[in-house]
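Down below is the structure, laid out as structure tokens.
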Amino acid sequence: MQFPSRRRKFITNSQTELYGHPLQFYGQPPLENICLTEFEAFAVDRLKLLKTIENLGVSYVKLSDLYKKKLDSESKALNFPYRPDADDRKPQAGPSEYEKRRKDHISHFILRLAYCQTEDLRRWFIQQEVDLFRYRFNELYPPQKLEFLHRNNLQYDTISAEEKKPLRDKLVNSSYTVSGITVEEQDFYKVPFQDALDLVRTRKVYLKAGYVYIPHQDIVTIVLNDFRTRLSKALALTARSLPAVHSDERLQPLLNHLSHAYVGQDYSIQKNVGKISLDQIDSLSGKSFPLCMRQLHQSLRENHHLRHGGRMQYGLFLKGIGLSLEQALQFWRSEFIRGKVDADKFDKAYAYSVRHMFGKEGKRTDYTPYSCMKVILSNPPSQGDHHGCPFRHSEPELLKQKLQVYKVSPSGISQILELVKGMHVQLACQKYFELTHNIEEANFSLNHPNQYFIESQKALGGGKDVKRETDAPHKSQENPAAKGSGAAGESAANTSQGLAEMTEELDSYFQDA
Amino acid sequence: MSSPNYDSACLPDLLPLYYRRLFPFSQYYRWLNYGGVQKNYFQNREFSFTLKDDIYVRYQSFSTQAELEKEMLKMNPYKIDIGAIYSHRPNQHNTVKSGTFHALEKELVFDIDMTDYDDVRSCCSAADICCKCWILMTIAIRILDRALRDDFGFQQLLWVYSGRRGVHCWVCDEAARKLSVAARSAVAEYLSLVKGGDETVKKVVLTDPIHPFIRESLTLVERYFPRYALQEQDILGCKESVDKVLALMPEDVRKELQQDFQNEKKPENRWKLVKDQAKRKQGTSKKGQYFEKEIMLQYCYPRLDVNVSKGVNHLLKSPFSVHPKTGRISVPMDLKELETFDPFAVPTISQICEELDRPRTGEDEEKSEDAKEKENEKDAAERRKIRDYKRTSLAKYVKYFDQFLDGLARSWKGELLKKSDLQKDF
């Protein structure tokens, strides 16, 4: 308990400098020594924060009032900085602002170690850190934003009044934040479009000859782009020095476990392989499939075809509930050959992709079923597609009709549509579950189509089989950590006990999440 | 839409002839080598071939034009796809350490396919096209070509007819070739206005203020909408299609128009009624105020296959590849003649191979040339190939390709000068 006070004496000037602003670019790694317990605690807390950010991003519009409020309270609960005006000169309860900023700094760098190892992990980590940074930058007061740019040497070119004049109307029509009155006095930054992709993607900026003209309020986009680029480079560098870190037998199992925690359960290990027969699927699709899968199943039966996006989403789901490769091939072939595809064409053009899903072709990745997050956020359906999340990608009117066909009560339908309207798509799906299973309130938080299936089977009174299946993913989570500590040998016995405790804590956290 | 004089059974006999005497190898190499500005640019490029019986061979690569020619003559691919430039030679991808072989660069590409318009064209469906719906491709090219040039500042755009039911665009500027996956997807999303699958009725929603890009696109759509939608597709003619249009409007407007349409049958006048309603709506309410613009866009705006544009490693059918179903050659399109481009006039492989057998005109002139050519055997073969395609209807497309390459060459000439200057400094 004496650590904090003793450490403060050794703080170098540069470090005080580093924590002088509520936000930092994480340009310098922490140089102090910290104990293992603090190392663990910091890492776990930041992971919780990032996980919260990921969940909030699905349920709420980013930077909406509710989003910010939830993130405020989570930051507060975990002792991360959340009030830009906080200052240690003002008296406050709990840890000092300095402590919070230090925790923010150190925990960020610990997770860099855990999340630099694969492309997938890096992508996830960068996404959440960027969202966190966006929220924090947005919360800063205008002078603090300028100070931040200044401190980090961020300079961007503005356009002159002469250059602005002929573009006036276009600038006004390109952004919500610009009006005829403000355009004169506002600074506009001119940067290559590659540096402001978020604004280009959403058409919220004027684009001409490869350059975007960004009004001062939107400068966060360029700063974020800088942040993303630097973080991405830094992670690549960290990955290179990882072998040195891994030789530390105290850290390696810990880092491994941290990096496995982000996905939650992946529903890839099935003890039930082959326990479902193909003729059960029709009835199961009505009883226990989430709406997205029910919709895919129905359109497959109707059209005898699904496009690539649908085959992936539905195929991996079926794999997750226990179809074997042979069954899957039989399932897809028998349906496709009833349509325009003959058996020969199926074997040539489609069988490959089914085997691919099971890790038997190409780079031989054993693909895992898509989570709600993936279904909702990546690859939205376009013309001719039936995949995606019906609560997110269907029009409310069509969704309503569909629910009517599936005999959901009118009051239930309006409850669901209300949730959809508020962007709470996963809650809407959970409501659908409750209504179709006659359950007052489901005691789980839905984040995976395969979880829906398992919970449904449980609720419908499936016996031992189901129980076993819920155990399986749990075990898969512990595996990597167990393997890691085994390799580290007996000398790590002490830490592995601490690790086991943390493992439990983390697991229970992500089961709830 | 198989063409009258083409029979896919003849393909195995025609392909060797096409590759030996007609395929424009030297232009093809000139394109993909990009002036040799970057080392191994051609050598590390992935080609993939589809052979007889749908056998698919990926990760082909060639060190020289001669090697490419030799392999193509040997394998006679039914279809050729072009992929990315990789970190190593694609044909050796198994020999490098796993994880180090990855796609670095590729042209920014767009794929527009008529099947994606099935809900807004009544003349044909799926793989079929006719001159009525082909206007959709003309509109798509106009809109994208303008935006890629004016908004994104790209200049080297090669538009190619796919050989069946769509068009491709290859953006060949150096900056475009170097775009990241994220940047490609941002460009594609900037250009996408029609959103949603079969579960969405209203696929275009505009919000205030209307972005300059959308204004520009609307101006182009307005030029074609009356002819395409009102006359040729007759979307305000029969009840079924009228209902589809009405479904895209705010409820109050829909009811009024249903009444009005009872007394007015002429599509042009009906559309005028729609526009009048829209004008009134704009004065009164914010919600749904742009519905007539949204309808025009939903019926005419280009529908991109975003996934093709996003991936650096995504393969796309090569120009001058034959479409195995129609036999038509995938030819570059000259936008100066876009309005008169007729996909049914694009030559098939059978047609140009037949044209080769026609007696030559101006035989004498060529004889004297032939004498000179004997000095160098290889040269002679090369030149004969040049003359061979000139005797067929492929000539005008190769000529246009040449013009495109001349423009491209000007862009890398600067690069080369800079490089040689640098070398002299030392």
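The values are calculated or read from the model by the stated rules, or taken from the named source; none is laboratory data. Everything numeric in this text was worked out from a predicted model, so none of it was measured. When we count neighbours, we look across all protein chains shown, and the Cβ atoms used for this are built from the backbone with ideal geometry, even at glycine. When the accessible area is computed, the model is the full protein with side chains, heavy atoms only, and any ligands, DNA or RNA have been set aside. Shrake-Rupley method; radii C 1.70, N 1.55, O 1.52, S 1.80 Å.
Just a few scattered comments:
- Projection of the Cα convex hull of the protein assembly as shown, averaged over all directions and equal to a quarter of that hull's surface, yields 47.4 nm².
- Highest mean packing comes first when the peptides B:257-264, A:55-62, A:430-437, B:92-99 are listed by Cβ atoms within 10 Å, giving A:430-437, A:55-62, B:257-264, B:92-99.
- Restriction of the trypsin sites (Lys or Arg not before Pro) in region A:298-376 to DSSP coil positions whose beta-carbon has at most 14 other beta-carbons within 10 angstrom yields A:338, A:340, A:360, A:363, A:364.
- Taking amide H atoms as placed 1.01 Å from N in the peptide plane, the amide H of residue B:304 has no partner under 5 Å among residues 5 or more positions away or on other chains.
- All other residues whose Cβ lies under 14 angstrom from that of residue B:76 are scored, Lys and Arg at +1 and Asp and Glu at -1, for a net of +2.
- Cβ-based net charge around residue A:305, under 10 Å, with every Lys or Arg adding one and every Asp or Glu removing one: +2
- A simple count of charges around residue B:105, restricted to other residues whose Cβ falls under 14 Å of its Cβ and scoring Lys, Arg +1 and Asp, Glu -1, yields +2.
- Amide H contacts under 5 Å for residue B:79, placed H, 5+ residues apart: B:50
- Of the residues B:169, B:123, B:133, the one that moves most in a GNM of chain B with alpha-carbon contacts below 10 Å is B:123.
- Protection proxy ranking, peptides A:138-151, B:134-147, average beta carbon neighbours within 10 Å, highest first: B:134-147, A:138-151
- Along region B:119-131 the Karplus relation, 6.51 cos²θ - 1.76 cosθ + 1.60 evaluated at θ = phi - 60°, assigns HN-Hα couplings of 7, 10, 10, 9, 6, 9, 9, 6, 7, 7, 9, 8, 5 Hz to successive residues, with x for each Gly and Pro.
- In the full protein context, the protein assembly as shown carries 47 Å² of accessible surface per residue, based on a 1.4 Å probe and ignoring ligands, DNA and RNA.
- Put the Cα centre of region A:22-65 next to the Cα centre of region A:171-210 and the gap is 31 Å.
- Estimated 222 nm signal from helices in the protein assembly as shown, with DSSP H stretches of n ≥ 4 weighted -39500 (n - 2.57), rounded to 500: -16000 deg cm²/dmol
- Rolling a 1.4 angstrom probe over chain B with all protein chains present gives an accessible area of which 50% lies on carbon and sulfur atoms.
- Karplus-derived HN-Hα couplings along region B:285-302 (A = 6.51, B = -1.76, C = 1.60, θ = phi - 60°), whole Hz, x at Gly and Pro: 10, 7, 7, x, 6, 9, 4, 6, 5, 4, 5, 4, 5, 4, 7, 10, 5, x
- Listed by chain and number, the lysines whose alpha-carbon sits under 19 Å from that of residue A:103, ignoring those within fewer than 8 places in the same chain, are A:9, A:48, A:51, A:76.
- Long pairs among B:106/B:310; A:400/B:281; B:202/B:255; A:402/B:286, criterion Cα-Cα beyond 19 Å: A:400/B:281; A:402/B:286
- Degrees separating the helix B:267-284 axis from the principal Cα axis of chain B, which is the longest one: 70 degrees
- Peptides A:447-454, A:277-284 ranked from most to least packed by the mean count of surrounding Cβ atoms within 10 Å: A:447-454, A:277-284.
- Region A:70-109 and region B:233-307: distance between their alpha carbon centers, rounded to Å: 55 Å
- Buried solvent-accessible surface, both chains (A, B), 1.4 Å probe, Å² to nearest 100: 2900 Å²
- Carbon and sulfur %, accessible surface of region A:61-188 computed with the full protein complex present, 1.4 Å: 51 percent
- Taking 21 Å as the straight-line reach from the Cα of residue A:208, the lysines in range (excluding those fewer than 8 positions away in the same chain) are A:164, A:165, A:170, A:190, B:178.
- Cα-based Rg and Dmax for region A:345-405, where Dmax is the largest Cα-Cα distance (Å): 15.5, 44
- Across chain B, the relative contact order, built from alpha-carbon pairs under 8 Å that are at least six residues apart, equals 24 percent.
- Amide proton proximity set for residue B:201, modelled H, under 5 Å, gap of 5+: A:395
- Shielding by partners - mean other protein chain Cβ count within 10 Å, residues of B:149-155: 4
- Within straight-line reach of residue A:287, meaning a Cα separation under 20 Å, sit the following aspartates and glutamates at least 8 residues removed in sequence or on another chain: A:279, A:302, A:434, A:440, A:441, A:455, A:465, A:469.
- Rounded, prolate or oblate (a/c below 1.5 giving rounded, otherwise prolate when a/b exceeds b/c) for region A:175-296 by Cα gyration tensor: oblate
- Take each residue of peptide B:207-217, count the partner chain Cβ atoms within 10 Å of its Cβ, and average: the result is 4.
- Karplus (6.51, -1.76, 1.60) ³J(HN,Hα), θ = phi - 60°, over region B:230-246, in Hz, Gly and Pro reported as x: 7, 8, 6, 8, 6, 6, 10, x, 6, 4, 4, 6, 4, 4, 5, 5, 4
- For residues of B:179-188, the mean tally of beta carbons on other chains within 10 Å: 4
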